[in-house]
Amino acid sequence: MEYKTLLLTINDPENLHLCFSLDDNVYALNAQNILEVTALPMLNEPQKLPEYIVGILNYNDLFIKVVDIRKIFALPQKKYDLNNKIIIVKGDESLIAIIVDEVTDFFTALPSKIQRVMGENFNNITRTFYKLDDKVINIIDILNLEKVIKKAQFSENTTHYTNLFPDDEESVCILDKRRNEIAKIPNMNLDSNIYGKDQYVIFTVASHTYCIYSLFVKELINMKNYSITKIPYTPDFVKGIINLKGNFYSIIELKKLIGLDDDNKDEKRETSFEGKAIVIDSSELKLALLVDEINNIINISKECIEPKNDMNLDNLFISAEAFIDNKVYNILNLDKLINDERLYIDVSI
């Protein structure tokens with residue numbers, strides 16, 4: 001039996017779309033335009049904002065406008081809550097953040113089945129639609145949306161968006177914390193100029209301490225900042241997909257894959273997680289390994305590493321152990337992990 005196709009592989013990225021909802025209406029954006037999906041944070045509020053603009057978001061040291069797309073579509077205004085999401089998209093000349101009710105799923109829009117809307121429709125922002133099962137999905141034209149926002153720069157904002165945000169003390173604290181975390185995300189990136197060839201990322205999975213060679217790691221992320229889109233008919237250790245700076249990564253709950261999951265399952269963890277993820281990006285696959293905590297990044301010389309040939313350790317995906325200051329660090333067997341047949345679809349004939 002051969003395993004060649006990675007689970008959740010995107011076979012047609014040009015026509016992949018991300019769905020989101022506003023009330024009972026379903027919309028879609030071409031996934032190639034999407035940089036990220038994150039939970040609604042507190043926004044910066046300059047004194048004067050043009051029409052449709054809720055506030056300004058500090059994203060990776062870039063200040064981008066956050067749009068209330070409800071008002072553009074003439075939908076009834078409603079208050080935001082902690083469950084609202086922000087989709088960050090790239091237009092022709094700028095980045096735009098869109099507030100939506102919920103991000104639902106991905107679908108591939110077959111070009112032959114995309115239908116055109118007759119007549120004018122909200123400045124032609126939704127010029128086409130797609131029928132998927134019993135749903136009509138309105139496809140947003142990002143370039144036309146960008147034009148509408150540009151025109152709005154000369155219009156006075158008549159909506160007091162500040163009043164739409166939750167104002168209780170707990171919610172304000174959560175929104176403010178999200179804003180700070182989004183603004184400091186670049187600090188979590190691994191920089192090859194800083195981290196050398198002997199650096200290892202130390203992390204915890206179900207009370208077990210592991211480490212992974214830093215050169216295999218693209219980025220470290222806090223999962224509280226990301227919305228996970230569930231994919232049906234996948235193993236329970238595959239939590240779904242996230243969009244990270246325009247690339248799609250499969251979220252793998254490492255403790256379940258390794259077999260360290262306990263019986264005390266947290267049923268709340270459906271579309272968001274409190275843990276951290278280690279992003280691995282190679283020519284073969286794009287994975288984000290969900291772990292309980294990322295503890296440190298330390299130097300481990302080859303002299304401190306002892307390869308193991310132990311079936312019990314192999315079953316726990318441990319290839320070697322490192323001994324430093326009377327502590328034992330289990331080195332993750334990444335080769336074994338990325339070649340695990342459970343991550344692949346059987347394509348043998």
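The values are calculated or read from the model by the stated rules, or taken from the named source; none is laboratory data. Every value quoted in this text rests on a predicted model; they were computed, and no experiment measured them. Every residue, glycine among them, receives a Cβ derived from its backbone with ideal geometry; neighbour counts consider all protein chains shown.
Collect the residues in region 276-327 that are aliphatic (A, V, I, L, M) and over 20 Å from L254 (Cα atoms), keeping them in residue-number order.
Within region 276-327, I298, I300, I305, A322, I324 qualify.
For region 58-82, which residues satisfy the criterion of being closer than 15 Å to A183 by Cβ and either touching a helix residue (DSSP H, G or I) at 6+ places or on another chain (Cβ under 7 Å) or basic (K, R) (or both)? Reasoning before the result, please.
Taking region 58-82 and keeping what is closer than 15 Å to A183 by Cβ, we get 58-64, 66.
Across region 58-82, the qualifying residues are N58, Y59, N60, D61.
Residue by residue, here is whether (1) part of a helix (DSSP H, G or I); (2) at pLDDT below 85; (3) within 24 Å of T229 (Cβ to Cβ); (4) of a type outside the set (A, V, I, L, M, F, W, C) holds:
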residue	(1), (2), (3), (4)
E274	no, yes, yes, yes
E284	no, yes, yes, yes
L289	no, no, yes, no
F323	no, no, no, no
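Could you grab me the full set of residues in region 294-325 that are under 12 Å from F203 (Cβ atoms) and surrounded by 13 or more Cβ atoms within 10 Å (Cβ to Cβ)?
Start the filter on region 294-325 by keeping residues that are under 12 Å from F203 (Cβ atoms), which leaves 294-298.
Selection gives I294, N295, I297, I298.
Before we move on, is N83 part of a loop (DSSP other than H, G, I, E, B), in contact with a strand residue (DSSP E or B) (Cβ under 8 Å, 6 or more places away or on another chain) and at pLDDT 85 or above? Step through it out loud before you land on a result.
On the way: part of a loop (DSSP other than H, G, I, E, B): yes; in contact with a strand residue (DSSP E or B) (Cβ under 8 Å, 6 or more places away or on another chain): yes; at pLDDT 85 or above: yes.
Considered against the rule, which asks whether it is part of a loop (DSSP other than H, G, I, E, B), in contact with a strand residue (DSSP E or B) (Cβ under 8 Å, 6 or more places away or on another chain) and at pLDDT 85 or above, N83 comes out as yes.
Out of the residues in region 230-246 that are in a strand (DSSP E or B) and not β-branched (V, I, T), state the one that is surrounded by the most Cβ atoms within 10 Å (Cβ to Cβ).
Looking only at region 230-246, we keep the residues that are in a strand (DSSP E or B), and these are 238-244.
Right, trim to not β-branched (V, I, T) and you get 239-240, 243-244.
Values: K239: 25, G240: 19, N243: 22, L244: 21.
Here the residue is K239.
If I ask for residues that are farther than 26 Å from S171 by Cα and under 24 Å from the mean Cα position of the chain (by Cα), which ones from region 70-100 would you list?
Of everything in region 70-100, those that are farther than 26 Å from S171 by Cα and under 24 Å from the mean Cα position of the chain (by Cα) turn out to be K90, G91, D92, E93, S94, L95.
Among the residues in region 107-119, are any closer than 15 Å to S21 by Cα and surrounded by fewer than 19 Cβ atoms within 10 Å (Cβ to Cβ)?
yes
List every residue pair whose Cβ atoms lie under 7 Å apart, where the two residues are 6 or more positions apart in sequence or sit on different chains, the first residue falls within region 130-153 and is without any contact (Cβ under 8 Å) to a residue 40 or more places away in the chain, and the second residue, located anywhere, is part of a helix (DSSP H, G or I).
Cβ pairs passing all conditions: D141/N124; N144/N123; N144/N124.
List pairs: first residue in region 62-87 and under 25 Å from K245 (Cα atoms) and free of Cβ contacts under 8 Å to residues at least 24 places away in the same chain, second residue among the hydroxyl-bearing types (S, T, Y) and crowded, with 17+ Cβ neighbours inside 10 Å anywhere in the structure, Cβ distance under 6 angstrom, at least six positions apart or on different chains.
none
Out of all the residues in region 129-142, which are within 23 Å of E93 (Cα to Cα) and either part of a loop (DSSP other than H, G, I, E, B) or at pLDDT below 90 (or both)?
Across region 129-142, the qualifying residues are I140, D141.
What number of residues within region 24-58 are part of a loop (DSSP other than H, G, I, E, B) and modelled with pLDDT of 90 or more? Working first, answer last.
Taking region 24-58 first, the residues part of a loop (DSSP other than H, G, I, E, B) are 24, 40-43, 45-49, 51-52.
Checking which are modelled with pLDDT of 90 or more leaves us with 40-43.
The qualifying residues number 4.
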